[in-house]
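This report concerns only the one structure given below.
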Amino acid sequence: MFEVFRTRKMAQILLLGFSSGLPLYLTSRTLQAWMTMTGVNLTAIWLFSLASLPYSLKFLWSPVIDRFCFPFLGRRKGWLFVTQVALAVAIAAMAFARPAHALQLVAFNALLIAFFSATQDITVDAYTTDISDASEVGAASGAKVLGYRVAMIATGAGALVLADFISWQTVYLILGLLMLIVALACTRVAEPLLIDRPPFSMREAIRMPLLDFFDRSGTTRAACILAFIVLYRMGDSMINGMTTSFLIQAGFSQTDIGLVQGGVGLFATIAGVLAGGAVMARIGINRSLWVFGVLQATSNFAYLFLAYAGKKYPVMIAAIIIENICYGLATAALVGFIMSLCNPRFSATQYALLSSLTAVGRDLVAAPSGSIAELVGWPAFFVISVLAAAPGMMLLPVFAPWREERKIAEKFQSSL
C-alpha cells in the first residue's frame, strides 16, 4: 500500500515539506522558551504571537509568485532558493539577539523569519501541486505533511534539548546552517513542467485565479467547495483547543498530557497522514473525503468515553491516539483535495487562498467552543463537536459524489 511513496518525486516533496516546517516554531514555541528563560515578561511573550500573521495573510502576495520568476533555477525553484537563503540568514541572525535587552530587534527579526517562511510555504504548496499527477495527489499531500511534522519535532523538541547544553544563540546559528543546507539540497529537485503560460501582468495574476476557479467549478459548486473547506474540520477544530483543558480538569497532570499529546499524539498524526496518503492513492480523493470525514467526526466520541470513564490512563492514551490518527487522515485528504482544485498556472495564488479558508473554520467558526463547553459540560460538548461535522459532510454530494472521481488532468482544461 505504501509503494507510492517510494519514488524520487515523493522524496523531493518530503524534503520540501521539511523545509517548509523548519522555521515554524522558531518564531513561536522555541522563541517563547528562549524569552522565558531570559526573563521576558508574559505580556511581551504573548504579543510575539502576532509574528505569525504572515502565515494567515500570505494570500495577499501569492500572486507575485505566480506572476514573476527569477532568472535562474526556474519558476518555482528560483523562489524556493531565494526564500530559503533569506530564511537561513534571518534565522542565523538570531545568534546576535538579546531578548532581555533588545526585544524590538528580536521582534523585527521574528517577523522577517515568519514572512520569508510564509513565502516559502506559498512556493512549496505551488510546487507540490504542479508536480503531482492524479494518482500521486494523496501520496504527495502525505509526504509534504510528514516532512512538515518531522521538521516541527526538530525545531520544537530538538531545539529545546540542545538549549540545555548550549546557548540559545548557538541553537539558532545551527538551525540557520541547517536551513542553508536544506536550501542547497532543494536546488536538486526537478522544476515542474508548466503546461500553459504564466500570467502576463499583476492584474491578471490577481484577477484570473478567482475567475478560473469559478469558471471551472461553476458558481454553485464553487460556493459549496468554499463552504466545505471552512466546515470540513469543524468538529475537530472545536475540540482542538479544548482537549488540554479537558484533560487537566479530568485530573491528568501537565507532564502526562505533554508526554502523550506531544509524543504519542504527534507520531499518531504522522501515521495518520502516511496512511491517508496511501489510501487516497487507492480509492481516490472523493471517497477519501467521505471516509476520513466520518472517521474524523466520530473520533471525538473517544473523548466522550473518557469524560465518563474519568482519570484512566489507558483510555486517555487511546483517545489521543484515535483523535490524532483521524486528524492525520483528514489533513491528508483536505490537502490533497485543495491541490486537485488548483490550476498549475495560478497554483501559488489558488492554493494560498483556498488553504487560508481552513483558518477561518479553525479560528473564527470554532471560536465559541470554550463558552459551549462551559455552558453544557464536557459530555454534551463532545456530542456537539461530532454533530458540528455534519454541515461540511452534507456538501460532499454536490461536488464530490462517492461514485465519481476528480481527475487532476481535467482541472485546468478550461484555461488551455
**Study point:** Which listed residue is part of a loop (DSSP other than H, G, I, E, B) and not assigned by TED's automatic domain parsing to the domain that holds Gln350, from Leu73, Leu53
**Key:** Leu73
Check your understanding: Among the residues of the range 205-255, how many are free of Cβ contacts under 8 Å to residues at least 60 places away in the same chain and of a type in the set (D, E, K, R)?
Key -> 1
**Study point:** Residues located in the range 99-119, provided they are outside any helix (DSSP H, G or I) and touching a residue at least 24 places away in the same chain (Cβ under 8 Å)
**Key:** Pro99, Ala100
Check your understanding: Among the residues of the range 294-308, how many are in contact with a Gly (Cβ under 7 Å, 6 or more places away or on another chain) and either more than 25 Å from Ile248 (Cα to Cα) or of a type in the set (D, E, K, R) (or both)?
Key -> 0
Revision key, fill the gap. Gln169 vs (1) of a type outside the set (Asp, Glu); (2) part of a helix (DSSP H, G or I); (3) surrounded by 17 or more Cβ atoms within 10 Å (Cβ to Cβ): all pass except (3)
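Yes or no, residue by residue, for (1) within 19 Å of Val124 (Cα to Cα); (2) in a helix (DSSP H, G or I); (3) in the same structural domain as Trp34 (by TED's automatic domain parsing):
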residue	(1), (2), (3)
Lys144	yes, yes, yes
Leu162	no, yes, yes
Ile174	no, yes, yes
Leu177	no, yes, yes
Ala190	yes, no, yes
Exercise for review: Quickly run through the range 143-161 and pick out the residues that are in contact (Cβ under 8 Å) with a residue 12 or more places away in the chain, over 18 Å from the mean Cα position of the chain (by Cα) and surrounded by fewer than 18 Cβ atoms within 10 Å (Cβ to Cβ).
Suggested key: Ala157, Leu160
Point to revise | Hits in the range 289-343 - residues which are over 18 Å from the mean Cα position of the chain (by Cα), at pLDDT 90 or above and over 29 Å from Gly377 (Cβ atoms) | key: Trp290, Val291
**Study point:** Enumeration of residues in the range 120-137 that are assigned to a helix (DSSP H, G or I) and either in the same structural domain as Ser355 (by TED's automatic domain parsing) or surrounded by 24 or more Cβ atoms within 10 Å (Cβ to Cβ) (or both)
**Key:** Gln120, Asp121, Ile122, Thr123, Val124, Asp125, Ala126, Tyr127, Thr128, Thr129, Glu136, Val137
**Study point:** Selection count where residues are touching an Asp or Glu at 6+ places or on another chain (Cβ under 8 Å) and either over 22 Å from Gly21 (Cα atoms) or without any contact (Cβ under 8 Å) to a residue 60 or more places away in the chain (or both), scope the range 74-98
**Key:** 1
Review point. When you look at Ala44, is it of a type in the set (A, V, I, L, M, F, W, C), buried (at least 17 other Cβ atoms within 10 Å of the Cβ) and modelled with pLDDT under 80, yes or no?
Key: no
Revision key, fill the gap. Picked from the range 285-318 (must be touching a residue at least 24 places away in the same chain (Cβ under 8 Å), of a type in the set (Gly, Ala, Ser) and assigned to a helix (DSSP H, G or I)), the residue nearest to Gly235 (Cα to Cα) is Ala297
Exercise for review: Give the number of residues within the range 56-70 that are free of Cβ contacts under 8 Å to residues at least 12 places away in the same chain and part of a helix (DSSP H, G or I).
Suggested key: 1
Practice item. Would you point out the residue of the range 156-189, among those that are among the small types (Gly, Ala, Ser) and at pLDDT below 85, that is farthest from Leu266 (Cα to Cα)? Key: Ala163
Review point. Do we find that Ala140 is in a helix (DSSP H, G or I), within 18 Å of the chain's Cα centre (by Cα) and either within 29 Å of Met10 (Cβ to Cβ) or modelled with pLDDT of 80 or more (or both) in this structure?
Key: yes
Review point. If only one of Phe214, Phe200, Phe246 is in a loop (DSSP other than H, G, I, E, B) and over 21 Å from the mean Cα position of the chain (by Cα), which one is it?
Key: Phe200
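The values are calculated or read from the model by the stated rules, or taken from the named source; none is laboratory data. As the structure is a computational prediction, the values presented were derived from the model and not from experiment. Heads up, the Cβs are rebuilt from the backbone with ideal geometry, glycines too, and the neighbour counts pull from every protein chain shown.
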